[in-house]
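Engineer: Here it is, the structure in full.
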Amino acid sequence: MTSITLPAYAKLNLTLDILRKREDGYHDLQMVMQTIELHDDVTVTLTDGDGIICRCGDIPGDETNLAVRAARAFFAETGVAPCGLDIDIVKRIPAQAGMAGGSEDAAATLRALRKLLKPELPGDELERIAALVGSDVPYCVRGGTALAEGRGERLTSLRSAPPFYVVLCKPDFDISTPMLFSRVKVSELWSRPDTSGMLEAMHRGDAGGVASRVKNVFETILPKEYAEVFAIKERLRRLGAEATSMTGSGPTVFGLYRDEAAARAAYVKLSADHAQTFLTRFV
Ligand code: C5P
């Protein structure tokens, strides 16, 4: 086998809490993460050359691309002799949107390289390599419903979340993750998520309990110029969403629905005003 195509599923933060600033400049987080069906397709092909060629829609396929960095980390950490690679990414997940699009492509690249070159590599070793590429990448390697702690790399898989349809809507601006983290003063954060309540609701398979605990602490420190996030949340709520939240460092907002028809109706209404609106669901 010299080529493989894998889906790189997007993620949502059902909760995101910031516990403390660390000595290394990162923050200790507590996040309940969920994989959704919206995905990029990542095709990795082994080639005779010795370089890495990466095509990634409008995003540069150079050494700054997380998929390329993942491939470099894979060869450096596993001792597998580097070979030429062609990485072709069909992008559907909006970039800089809080859905870990770049991290998901990196994770799919790592999983593809393991399948092609070192199938015996254990999952925890692949997650260790993933953490060298970015804080979200280990979760993206594992997927499903999980609690992510530490920088984001300490993972505990959870019972699969109850099924929900998801309407996603990305406003027409980007939010820089380092910029948003730089505004955090942990002692001044208010209205934090009830992470332990969320974990219990997940354990019980209690859809209402899960929906009522969806919360992202970043919303409390969002600069005024990003107020559209709250307008979209309000609109989703009026359109029957059982929970609404920004995901990650934003700006994408999601609404959760148990009823597919209600989700579809909300999707149709929002997509009339926002080009980047998606109807998807938990996987
Ligand atoms: O690890 P990654 O490169 O994805 O992180 C991007 C930026 O987000 C970091 O440079 C840091 O500013 C911030 N960050 C943080 N704490 C985390 C994860 C990310 O402060 N746990």
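Engineer: Kindly indicate whether any position in the stretch 45-68 is buried (at least 19 other Cβ atoms within 10 Å of the Cβ), of a type in the set (S, T, N, Q) and either within 12 Å of the ligand (Cβ to nearest atom) or assigned to a strand (DSSP E or B) (or both). Give the steps one after another, and end with the answer.
Structural biologist: Going residue by residue through the stretch 45-68, those that are buried (at least 19 other Cβ atoms within 10 Å of the Cβ) are 52, 54, 56, 59, 65-68.
With the extra rule that they be of a type in the set (S, T, N, Q), the set shrinks to 65.
Restricting the remaining residues to those that are either within 12 Å of the ligand (Cβ to nearest atom) or assigned to a strand (DSSP E or B) (or both) gives none.
For the stretch 45-68, residues buried (at least 19 other Cβ atoms within 10 Å of the Cβ), of a type in the set (S, T, N, Q) and either within 12 Å of the ligand (Cβ to nearest atom) or assigned to a strand (DSSP E or B) (or both): absent.
Engineer: Could you tell me whether Arg183 is modelled with pLDDT of 95 or more and not assigned by TED's automatic domain parsing to the domain that holds Thr35?
Structural biologist: Values: modelled with pLDDT of 95 or more: no; not assigned by TED's automatic domain parsing to the domain that holds Thr35: yes.
In short, no.
Engineer: Follow-up question, since we're still on this one. With the requirement that a residue be farther than 17 Å from Thr156 by Cα and surrounded by fewer than 11 Cβ atoms within 10 Å (Cβ to Cβ), what does the stretch 184-211 give you?
Structural biologist: Residues satisfying the conditions are Lys185, Ser187, Glu188, Trp190, Ser191.
Engineer: Let me ask something else about it. Just to be sure, is Leu279 at pLDDT 95 or above, in a helix (DSSP H, G or I) and either buried (at least 19 other Cβ atoms within 10 Å of the Cβ) or β-branched (Val, Ile, Thr) (or both)?
Structural biologist: Working: at pLDDT 95 or above: yes; in a helix (DSSP H, G or I): no; either buried (at least 19 other Cβ atoms within 10 Å of the Cβ) or β-branched (Val, Ile, Thr) (or both): yes.
No; evaluated as a whole, the condition is false for this residue.
Yes/no per residue for (1) within 19 Å of Arg192 (Cα to Cα); (2) within 16 Å of the ligand (Cβ to nearest atom); (3) part of a loop (DSSP other than H, G, I, E, B):
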{"residue": "Met1", "(1), (2), (3)": "no, no, yes"}
{"residue": "Thr5", "(1), (2), (3)": "no, no, no"}
{"residue": "Lys11", "(1), (2), (3)": "no, yes, no"}
{"residue": "Ile18", "(1), (2), (3)": "yes, yes, no"}
{"residue": "Asp24", "(1), (2), (3)": "no, yes, yes"}
{"residue": "Gln30", "(1), (2), (3)": "yes, yes, no"}
{"residue": "Glu37", "(1), (2), (3)": "no, no, no"}
{"residue": "Thr43", "(1), (2), (3)": "no, no, no"}
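Engineer: Give me the pairs: first residue in the stretch 40-57 and within 7 Å of Ile89 (Cβ to Cβ) and in the same structural domain as Val141 (by TED's automatic domain parsing), second residue surrounded by 14 or more Cβ atoms within 10 Å (Cβ to Cβ) and among the hydroxyl-bearing types (Ser, Thr, Tyr), beta-carbon distance under 7 Å, and six or more apart or on different chains, which are they?
Structural biologist: Note: pairs meeting the criteria are Val42/Thr109.
Engineer: Going through the stretch 111-133 one residue at a time, which ones are closer than 23 Å to Thr177 by Cβ and touching an Asp or Glu at 6+ places or on another chain (Cβ under 9 Å)? If you could, list the steps in order and put the result at the bottom.
Structural biologist: Taking the stretch 111-133 and keeping what is closer than 23 Å to Thr177 by Cβ, we get 127-133.
Those that are closer than 23 Å to Thr177 by Cβ and touching an Asp or Glu at 6+ places or on another chain (Cβ under 9 Å): Glu127, Arg128, Ile129, Ala130, Ala131, Leu132.
Engineer: Hey, another quick one. Looking only at the stretch 92-124, which residues are touching a residue at least 24 places away in the same chain (Cβ under 8 Å), away from the ligand (no atom under 16 Å from the Cβ) and either of a type in the set (S, T, N, Q) or surrounded by fewer than 17 Cβ atoms within 10 Å (Cβ to Cβ) (or both)?
Structural biologist: Scanning the stretch 92-124 gives Arg92, Lys115, Lys118.
Engineer: Right, something else. Take the residues in the stretch 155-183 that are more than 16 Å from the ligand (Cβ to nearest atom) and among the hydrophobic types (A, V, I, L, M, F, W, C), then tell me which one is surrounded by the fewest Cβ atoms within 10 Å (Cβ to Cβ).
Structural biologist: Phe173
Engineer: On the basis of being away from the ligand (no atom under 16 Å from the Cβ), over 15 Å from the mean Cα position of the chain (by Cα) and surrounded by 15 or more Cβ atoms within 10 Å (Cβ to Cβ), does Val80 make the cut? So that I can check it myself, show each step before the final result.
Structural biologist: Numbers: away from the ligand (no atom under 16 Å from the Cβ): yes; over 15 Å from the mean Cα position of the chain (by Cα): yes; surrounded by 15 or more Cβ atoms within 10 Å (Cβ to Cβ): yes.
In short, yes.
Engineer: Given (1) more than 16 Å from the ligand (Cβ to nearest atom); (2) under 23 Å from Gln30 (Cα atoms); (3) in contact with a helix residue (DSSP H, G or I) (Cβ under 9 Å, 6 or more places away or on another chain), where does Gly144 come up short, assuming only one miss?
Structural biologist: (3)
The values are calculated or read from the model by the stated rules, or taken from the named source; none is laboratory data. What you see is a predicted model, and the numbers here were worked out from it, not measured in a lab. Methodologically, a virtual Cβ is constructed for each residue, glycine included, from the backbone with ideal geometry; neighbour enumeration extends over all protein chains shown.
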